[in-house]
Amino acid sequence: MRNPKQHNVLPGFGLTFGFTTAYISLLVLIPLSLLMVRAASLTWAEFIKTVASPQVVASYKLTMGASFLAAVINAIFGFIVAWSLVRYKFPCRRLIDAIVDLPFAMPTAVSGIALTAICAKNGWVGSVASIAGIKIAYTQLGVLVALTFIGLPFVVRTLQPALEDIDKELEEAAESLGATKFQTFTRVILPSLMPSLATGFTLAFARAIGEYGSVVFISGNLAYKTEITPLLIVAKLEAFDYAGATAISVVLLFMSFILMFIINSLQFYGRKFK
Amino acid sequence: MTSKIAPVILILLTFFYLGLFLVLPLAAIFVEAFRKGFAVYLNSFNDEYAWSAIRLTLLTAGIAVPLNVIFGVVAAWCITKFEFWGKNILITLIDLPFAVSPVIAGLVFVLIFGRQTFFGEWLLAHNIKIIFATPGLVLATIFVTFPFVVRELIPLMQEQGVLEEEAAVMLGAGGWDIFWRVTFPNIKWGLLYGVILCNARAMGEFGAVSVVSGHIRGETNTIPLYIQTVYDGYAAGASAFAMATLLAALALITLIIKSIIEWKEKRRER
């Protein structure tokens, strides 16, 4: 396993490598492969019957659709937030910078009941929206709100370092060559930020697909309407339908892994073109 | 003219977006918790199930976090101090829990230890309870939170390289001494940050523990699960939010410690 070309005098390779692989194998690799084995023991007809049933398909549509939209919202506003934090000085800037991480630190169940409280008919936001005839809590819009909340830090945190790294001289060069502010932004700044923006977007998207805690309270969990895919896994488990839960999990895992692959490729691409 | 207006608009949008999505929910927790007054708030904690949930959360995090800290340090040492084949695969595996839905993290342990399997029956025959008991909660929590410490340490230790440690070896120091006297002082703030993040997530984990817990009141309900039980139950409102203030306070403390650490780092760089 060890690269023979490299002579390393530091101690502990065998011990640390052994411990690391054992820990990961026991906790992650073996349990996840057992899930696959278990899924493989289902017949194809059984598998399809579960994962392609109308109720489950409706949940994919909601999960993927709301996750995608939430990531788009976060890409736009995350850009604005990151830009303001890096480029401008204003009161409370440090406080704002610190609070961006709140969705990471806040337990999802707590976020869930808090969002439900403000979006319900009598809540701060819900009461304003209901004047316009819009219902947020217990609708698909509520799912979108929860997924936007939990994905908020990703775009900001991936863009911030990239924005700080941008060479001011490039911008100045563009402007001295006669580019307008808008041209400098779209032709010089935006292209160099694209890999980070795309990474942040995909991270938020991937996180939203698997999210459970913050959504179940605000969604109301109406069949065919506001059920997300992770909720259906839990519902199958509670009905002791282990085969069904496994089948849906495999589909959800597959979607997550594709996104993870995209993230890794984007990061590779970003490094290559730096 | 535009150069004066644009910053103002962008800053206002920042305040609006973060105010709407972050400040309002946070404020709502405390307002809802104290809506019926301070006495009602305090009375929410006058419940044996509430206290057993608090104890169970402390116990679960008390086991899961130290194990993940040990793993994090060992794995980061292995990955940053040595070159070996398959390193990138190992790093990808470490990131895996971030890509797996917490619900699935819980499900895998139900599939292994649940009654429907051969192994599960054997456990049952020997009266060992894992699922719907504390060990299952600990396992699910470890799964969900183990990348936090190692993810914090890897970039930090990569940046520091191996020169200082190699010098220590030349001077005759053993592995243990090298770690405590050379590596540890360099990584202690990053490590602390990883630990508090890991802890916040461990105490607040909902999806994964919800699947393995079975929601037995007073036995397998952690604080987040207790919040759900109360929220869905008869009393709703106030007491669920009262318990939520504990976790919200934990989240705020986590953010404060994080900011202090970042501030210290920045000052050291200057």
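Things to note:
- The lone exception for A:R93 - which of (1) under 26 Å from the mean Cα position of the chain (by Cα); (2) of a type outside the set (A, V, I, L, M, F, W, C); (3) more than 24 Å from B:R201 (Cβ to Cβ); (4) within 8 Å of chain B (Cβ to nearest Cβ) it fails: (4)
- Lone qualifier among B:F34, B:F38, B:F21, B:F15 - being free of Cβ contacts under 8 Å to residues at least 24 places away in the same chain, surrounded by 14 or more Cβ atoms within 10 Å (Cβ to Cβ), out of contact with any Phe, Trp or Tyr (no Cβ under 6 Å at 6 or more places or on another chain) and among the aromatic types (F, W, Y): B:F15
- Some residue of region B:122-129 being within 20 Å of A:G210 (Cβ to Cβ) and without any contact (Cβ under 8 Å) to a residue 12 or more places away in the chain: no
- Just so you know, in region A:176-209 the residues that are among the small types (G, A, S) and farther than 25 Å from B:A6 by Cβ include one that is surrounded by the most Cβ atoms within 10 Å (Cβ to Cβ), and it is A:A208.
- When B:A27, B:A33, B:A50, B:A75 are screened for being of a type in the set (A, V, I, L, M, F, W, C), assigned to a helix (DSSP H, G or I), touching a helix residue (DSSP H, G or I) at 6+ places or on another chain (Cβ under 6 Å) and under 24 Å from A:S214 (Cα atoms), only B:A33 passes.
- Residue in region B:104-127 that is nearest to A:L252 (Cα to Cα), counting only those that are aliphatic (A, V, I, L, M) and more than 7 Å from chain A (Cβ to nearest Cβ): B:A105
Let's see how each residue does on (1) within 17 Å of B:L24 (Cβ to Cβ); (2) charged (D, E, K, R); (3) in contact with a strand residue (DSSP E or B) (Cβ under 6 Å, 6 or more places away or on another chain):
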{"residue": "A:A71", "(1), (2), (3)": "no, no, no"}
{"residue": "A:F77", "(1), (2), (3)": "yes, no, no"}
{"residue": "A:R94", "(1), (2), (3)": "no, yes, no"}
{"residue": "A:F104", "(1), (2), (3)": "no, no, no"}
{"residue": "A:A146", "(1), (2), (3)": "yes, no, no"}
{"residue": "A:A162", "(1), (2), (3)": "no, no, no"}
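- Filtering region A:182-203 for residues that are in a loop (DSSP other than H, G, I, E, B) and not basic (K, R) leaves an empty set.
- Take the conditions (1) more than 21 Å from A:P103 (Cα to Cα); (2) facing chain A (nearest Cβ under 10 Å); (3) within 26 Å of the chain's Cα centre (by Cα); B:P7 misses just one of them, which is (3).
- Region B:233-249 - residue that is exposed (fewer than 12 other Cβ atoms within 10 Å of the Cβ) and more than 14 Å from B:V40 (Cα to Cα) and, of those, modelled with the highest pLDDT: B:G233
- Listed here are the helices (runs of 4 or more DSSP H) enclosed by region A:16-88 that have at least 1 residues being facing another protein chain (nearest Cβ under 7 Å) and either of a type outside the set (A, V, I, L, M, F, W, C) or without any contact (Cβ under 8 Å) to a residue 24 or more places away in the chain (or both): A:30-40, A:54-87.
- Number of the exception - B:S101 against (1) within 17 Å of the chain's Cα centre (by Cα); (2) polar (S, T, N, Q); (3) more than 10 Å from every other protein chain (Cβ to nearest Cβ): (3)
- Test: residue in region A:96-113 that is crowded, with 19+ Cβ neighbours inside 10 Å and touching a Cys at 6+ places or on another chain (Cβ under 6 Å): no
- Residue in region A:131-139 that is assigned to a helix (DSSP H, G or I), out of contact with any strand residue (DSSP E or B) (no Cβ under 6 Å at 6 or more places or on another chain) and at pLDDT below 95 present: yes
- Only one of B:P97, B:P102 that is touching a Pro at 6+ places or on another chain (Cβ under 6 Å) and crowded, with 16+ Cβ neighbours inside 10 Å: B:P97
- Scanning region A:210-236 for residues that are surrounded by fewer than 24 Cβ atoms within 10 Å (Cβ to Cβ), within 14 Å of another protein chain (Cβ to nearest Cβ) and not charged (D, E, K, R) yields A:G220, A:N221, A:L231, A:V234, A:A235.
The values are calculated or read from the model by the stated rules, or taken from the named source; none is laboratory data. No experiment lies behind these values; they were computed from the predicted model shown. Positions of Cβ are generated from backbone atoms using ideal geometry, with glycine treated the same way; all protein chains shown enter the neighbour counts.
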